[in-house]
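Worksheet for the structure shown next.
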Amino acid sequence: MSQTKQERKKALVLEAFDTLFNKRDYVAAERYWSPTYIQHSAHIGPGREGLFNLIKSMPPPLKIRARGDRD
């Protein structure tokens, strides 16, 4: 059975978040966050590098899970 467009988008977002937040694979995460990414939070540095640097500064383990996931 084929996935719906919404299911594919959700899977892509979950893969991106897992790559950055859980695996902390910054090289792979560059595939998901554009070099021209605009960071709108005043508490996070500008662009993709600001987001990546925030994650780098956080102590492990930082785990992001999809809503409904269980330990």
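The values are calculated or read from the model by the stated rules, or taken from the named source; none is laboratory data. Keep in mind the model is a prediction, meaning the values are calculated, not measured. Here Cβ is always computed from backbone atoms with ideal geometry, including for glycine, and neighbour counts include all displayed protein chains. Keep in mind that these areas ignore ligands, DNA and RNA; they rest on the heavy atoms of the full protein, side chains included. Shrake-Rupley method; radii C 1.70, N 1.55, O 1.52, S 1.80 Å.
Does any residue of the range 5-12 turn out to be at pLDDT below 95, loosely packed, with under 10 Cβ neighbours inside 10 Å and of a type in the set (D, E, K, R)? Among the residues of the range 5-12, at least one is at pLDDT below 95, loosely packed, with under 10 Cβ neighbours inside 10 Å and of a type in the set (D, E, K, R), which makes the answer yes. When the range 48-62 is examined, which residues are found to be in contact (Cβ under 8 Å) with a residue 12 or more places away in the chain and surrounded by 13 or more Cβ atoms within 10 Å (Cβ to Cβ)? Of everything in the range 48-62, those that are in contact (Cβ under 8 Å) with a residue 12 or more places away in the chain and surrounded by 13 or more Cβ atoms within 10 Å (Cβ to Cβ) turn out to be Arg48, Leu51, Phe52, Ile55. In the range 18-40, what residues are of a type in the set (S, T, N, Q), open to solvent by less than 100 Å² (accessible area, probe 1.4 Å) and more than 9 Å from the chain's Cα centre (by Cα)? Ser34, Gln39 - these are the residues of the range 18-40 that are of a type in the set (S, T, N, Q), open to solvent by less than 100 Å² (accessible area, probe 1.4 Å) and more than 9 Å from the chain's Cα centre (by Cα).
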